[in-house]
Amino acid sequence: MLYVFDHPMIAHKLTTMRKIETGTKDFRQHLEEIASLMAYEITHDFPTREIPIETPMGKTIGHELAQDVVLVPVLRAGLGMVNGIQNLIPNAKVGHVGLYRNEETLEPVEYYAKFPKNLDKAIVLILDPMLATGGSAKAAIDIVKKHGAKNIKLVNLVGVQEGIDVIEKAHPDVDIYLAAKDEHLNEIGYIVPGLGDAGDRIFGTK
Ligand code: PRP
Ligand code: URA
């Protein structure tokens, strides 16, 4: 299932990120803030369990999240979404998948993978600002599934139909969440209008 968030604050912040003149500090800050807002929406149906607690006024039944949440940023750019989501879910654990796109073939190349235990029982959020050809997201989902993950959600800022099609075909069980669905990919696989090279803009590497 595809969810595209239609929220004025997300649209406002994403517009700032898209602007060519937005520098590294503001780009990173807005990415964190959008990730936080998206996480708030995504978690609305997360299961909770009842726990007996005592307030200063007496005993009652409270609710806590019933499952671990594991964030899996796709390196590098996905790292820019972790803090924003951990502001909302401070106990979320973090796994990492290292992938980069070969600039000629656009195929993802894996260089790192490390996860917390019991991935099979957790809700796993794969984080990456960009869903372009979909190759990286598909590979990241393949990897977390190989490590046991069963309940997986893909969280991207900007995606295009090509990438959505790849994920829906390869992993129909994975929900996709976008802040915006953009028009198309250009001839070198970049999203248009998009926001440029997310990793470079987050880390100031260009
Ligand atoms: C970017 C982006 C995604 C991928 C999307 O990463 O962060 O991981 O490209 O493209 P795709 O959908 O066509 O696979 P990149 O390979 O530039 O690596 P980086 O984050 O290290 O810069
Ligand atoms: N990766 C990016 O960082 N940006 C794009 O537009 C496509 C892939």
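The values are calculated or read from the model by the stated rules, or taken from the named source; none is laboratory data. Being a predicted model, the structure only gives us computed values, none of them experimental. Counting neighbours? That spans all protein chains shown, and the Cβs are built from the backbone with ideal geometry, glycine included.
Could you please let me know if residue 180 is touching a strand residue (DSSP E or B) at 6+ places or on another chain (Cβ under 7 Å), near ligand 1 (Cβ under 10 Å from one of its atoms) and small (Gly, Ala, Ser)?
On the way: touching a strand residue (DSSP E or B) at 6+ places or on another chain (Cβ under 7 Å): yes; near ligand 1 (Cβ under 10 Å from one of its atoms): no; small (Gly, Ala, Ser): yes.
Against the criterion (touching a strand residue (DSSP E or B) at 6+ places or on another chain (Cβ under 7 Å), near ligand 1 (Cβ under 10 Å from one of its atoms) and small (Gly, Ala, Ser)), residue 180 does not qualify.
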Quick one: what pairs do we get from the stretch 72-99, first residue within 15 Å of residue 129 (Cα to Cα), second of a type in the set (Lys, Arg) and buried (at least 19 other Cβ atoms within 10 Å of the Cβ), C-beta under 6 Å, 6+ apart or different chains? 80/28
Residue in the stretch 14-25 that is on the phi > 0 side of the Ramachandran plot, exposed (fewer than 10 other Cβ atoms within 10 Å of the Cβ) and not in a helix (DSSP H, G or I) present: no
So which residues in the stretch 128-146 are in contact (Cβ under 8 Å) with a residue 40 or more places away in the chain and touching a helix residue (DSSP H, G or I) at 6+ places or on another chain (Cβ under 8 Å)? 128, 129, 130, 131, 132, 133, 137, 144
Would you point out the residue of the stretch 126-156, among those that are assigned to a loop (DSSP other than H, G, I, E, B) and among the hydrophobic types (A, V, I, L, M, F, W, C), that is surrounded by the most Cβ atoms within 10 Å (Cβ to Cβ)? 132
Only one of (1) within 12 Å of ligand 2 (Cβ to nearest atom); (2) farther than 26 Å from residue 5 by Cβ; (3) touching a Lys or Arg at 6+ places or on another chain (Cβ under 9 Å) does not apply to residue 115, and that is (1)
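Each row is one residue, and each column tells you yes or no for (1) more than 12 Å from ligand 1 (Cβ to nearest atom); (2) assigned to a loop (DSSP other than H, G, I, E, B); (3) small (Gly, Ala, Ser).
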{"residue": "164", "(1), (2), (3)": "no, no, no"}
{"residue": "172", "(1), (2), (3)": "yes, yes, no"}
{"residue": "195", "(1), (2), (3)": "no, yes, no"}
{"residue": "202", "(1), (2), (3)": "no, no, no"}
Conditions (1) of a type outside the set (S, T, N, Q); (2) touching a Pro at 6+ places or on another chain (Cβ under 8 Å); (3) surrounded by fewer than 20 Cβ atoms within 10 Å (Cβ to Cβ) -> residue 189 fails only (2)
Considering (1) at pLDDT below 95; (2) more than 8 Å from ligand 1 (Cβ to nearest atom); (3) in a strand (DSSP E or B), say which one residue 105 fails and leave the rest. (3)
Working only within the stretch 70-112, note down all residues that are touching a Lys or Arg at 6+ places or on another chain (Cβ under 9 Å), more than 21 Å from residue 42 (Cβ to Cβ) and among the aliphatic types (A, V, I, L, M). 109
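Out of the strands (runs of 3 or more DSSP E) lying entirely within the stretch 46-86, which hold 3 or more residues that are over 16 Å from the mean Cα position of the chain (by Cα)? Please lay out each step first, then the result.
On the way: elements: 48-55, 58-65, 69-75.
Output list reads 48-55, 58-65.
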If you check every pair at least six apart or on different chains, which have Cβ atoms under 6 Å apart with a residue in the stretch 170-191 that is in contact (Cβ under 8 Å) with a residue 60 or more places away in the chain first and a residue that is assigned to a strand (DSSP E or B) and of a type in the set (Lys, Arg) second? 175/153
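Could we say that residue 120 is farther than 23 Å from residue 84 by Cβ, away from ligand 1 (no atom under 12 Å from the Cβ) and not in a helix (DSSP H, G or I) here?
Values: farther than 23 Å from residue 84 by Cβ: yes; away from ligand 1 (no atom under 12 Å from the Cβ): yes; not in a helix (DSSP H, G or I): no.
When the stated conditions are applied, residue 120 does not pass them.
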Among residues of the stretch 167-206, those that are near ligand 2 (Cβ under 9 Å from one of its atoms) and acidic (Asp, Glu), counted: 3
